[in-house]
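> Quick one: structure below, then a few questions.
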Amino acid sequence: MSLNLDYIPSTIKTVIVVNDFDYIEGGAAKVAIMTAETLVKAGYDTYLFSAVSNENAPRIDGLKYISVNQYPSLLDPNIIRGALNGLYNFKAARKFKKLLKKLDNRTTLIHIHTWTKALSCSIWNVAYALHFPVYLTCHDYFSICPNGGFFDYQKLEICLRKPLSVKCLKCNCDSRNYAIKLYRFARCFVQNKVVNIFEKTAKFISISDFSERILQVYFPQNTTFHRVSNPIDKVNLPEIHPEKNEYFLYVGRLAKEKGIDIFCQAINDSGVKGVVVGDGPESELIKKQFAKANIDFVGWKSRDEVFEYMKSARALVFPSRWYETDGLSVREALSIGLPCIVSNSCAAKEYITDDSKGRVFTDYKMLKKQMEEFV
């Protein structure tokens, strides 16, 4: 695993990596922690500042952990406290200020990865008041879109409404209910209209051409991006021969926006074999719906186990419905020579540069046809 650190000015000696969680609970958290580990190894005095902590999670030698020790905002047993923390987390702001007071703003950089699930935009106000430079990696679209995905979870389609507009306010696009949508709208309003994170961010980091093009439409006109691609796991495997393999592979969270139902339906209708690595909110429903299909649901697996499944697959299918900003599993599959069949709705399509790397589909019929061609 390698991470490009050329975005860091030569004057910087200390880096504070900011992330809602101090353990890996998703792709962005994984990159944040990998970033912190890389910084430690490169000799930077490195902190990981979070709101939610897991003392049982692996710890990185040399990394300084500081946590506010709170719940994720929407999972706090005290609903009112959680909601208020999500809008503006005063406790996190106080603890962050205490840390910054000990450091030199001339040689310290703040690198934010995630903030919407617990820390809130209060971090920006503290950093700005004390004249510390803030960099933001745009792992998703929460910097602009209230639900973070430009996606209508009720209709399962891309949302083209202008964020924070009246049409946006009226749209029930949240995966749960309209009340949560209104809460997320308010959170985004505080973030962009009250705190104004665009004014208080020194540099924005994008992770793909695809996501950068979408963000540029809504960011201030003078915004420039620095590219830092997400690092991927690499393994040394003997030459693989996917054309000799039978099953199609899905790796990721089992959620509708990820297209797990599309994958399973295509497997069922094509009469081929499928393997699903992962878990998620649609897990039980999908298993029940496709109980008679030739699909093995194997749950989450370790890094090495995932590569073993990749090694034995005919192709990886990445059927995401939303504007996925990267697609780590696609890049990992391609790194070992496994072709991929990828949705046209996500950044991963940019990695399919020729037929040897796979196919890009625009609808279900095309996906089914492409899978049949691979058999």
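> If you go through the range 49-75 one residue at a time, how many are under 21 Å from the mean Cα position of the chain (by Cα) and part of a loop (DSSP other than H, G, I, E, B)?
Looking only at that region, the number is 7.
> A follow-up question, please. Any residue at all in the range 283-302 that is under 23 Å from the mean Cα position of the chain (by Cα) and crowded, with 24+ Cβ neighbours inside 10 Å?
Within the range 283-302 (the criterion being under 23 Å from the mean Cα position of the chain (by Cα) and crowded, with 24+ Cβ neighbours inside 10 Å), the answer is no, since none of the residues qualifies.
> Still on this structure, please answer the following. Restricting attention to the range 252-308, and to residues there that are touching a residue at least 60 places away in the same chain (Cβ under 8 Å) and of a type in the set (D, E, K, R), which single residue is farthest from Glu332 (Cα to Cα)?
Within the range 252-308, the match that is farthest from Glu332 (Cα to Cα) is Asp269.
> Picking from Ala333, Ala348, which residue would you name as being assigned to a helix (DSSP H, G or I) and closer than 21 Å to Phe151 by Cα?
Ala348
> Test Ile60 against the stated conditions and say whether it is in the same structural domain as Thr107 (by TED's automatic domain parsing), free of Cβ contacts under 8 Å to residues at least 40 places away in the same chain and surrounded by 13 or more Cβ atoms within 10 Å (Cβ to Cβ).
yes
> Considering only residues of the range 117-138 that are assigned to a loop (DSSP other than H, G, I, E, B) and hydrophobic (A, V, I, L, M, F, W, C), which is surrounded by the most Cβ atoms within 10 Å (Cβ to Cβ)?
Leu119
> Being part of a loop (DSSP other than H, G, I, E, B) and not hydrophobic (A, V, I, L, M, F, W, C) is the filter here; which residues of the range 164-208 pass it?
Ser165, Asn172, Asp174, Ser175, Arg176, Asn177, Asn196, Glu199, Lys200, Thr201, Ser208
> Determine, yes or no, whether Leu5 is assigned to a loop (DSSP other than H, G, I, E, B), without any contact (Cβ under 8 Å) to a residue 40 or more places away in the chain and either within 20 Å of Leu103 (Cα to Cα) or out of contact with any Pro (no Cβ under 8 Å at 6 or more places or on another chain) (or both).
When the stated conditions are applied, Leu5 passes them.
> A follow-up question, please. With Tyr153, Tyr141 as the choices, which residue is of a type in the set (Phe, Trp, Tyr) and crowded, with 21+ Cβ neighbours inside 10 Å?
Tyr141
> Scan the range 261-275 and give yes if some residue there is assigned to a strand (DSSP E or B) and assigned by TED's automatic domain parsing to the domain that holds Gly337, otherwise no.
Scanning the range 261-275 turns up at least one residue that is assigned to a strand (DSSP E or B) and assigned by TED's automatic domain parsing to the domain that holds Gly337.
> Counting only residues that are in a loop (DSSP other than H, G, I, E, B) and among the aliphatic types (A, V, I, L, M), how many does the range 351-375 have?
2
The values are calculated or read from the model by the stated rules, or taken from the named source; none is laboratory data. This one's a predicted model, so the numbers in the text were calculated from it and none came from an experiment. Cβ sites come from the backbone with ideal geometry, for glycine too, and all protein chains shown count toward neighbours.
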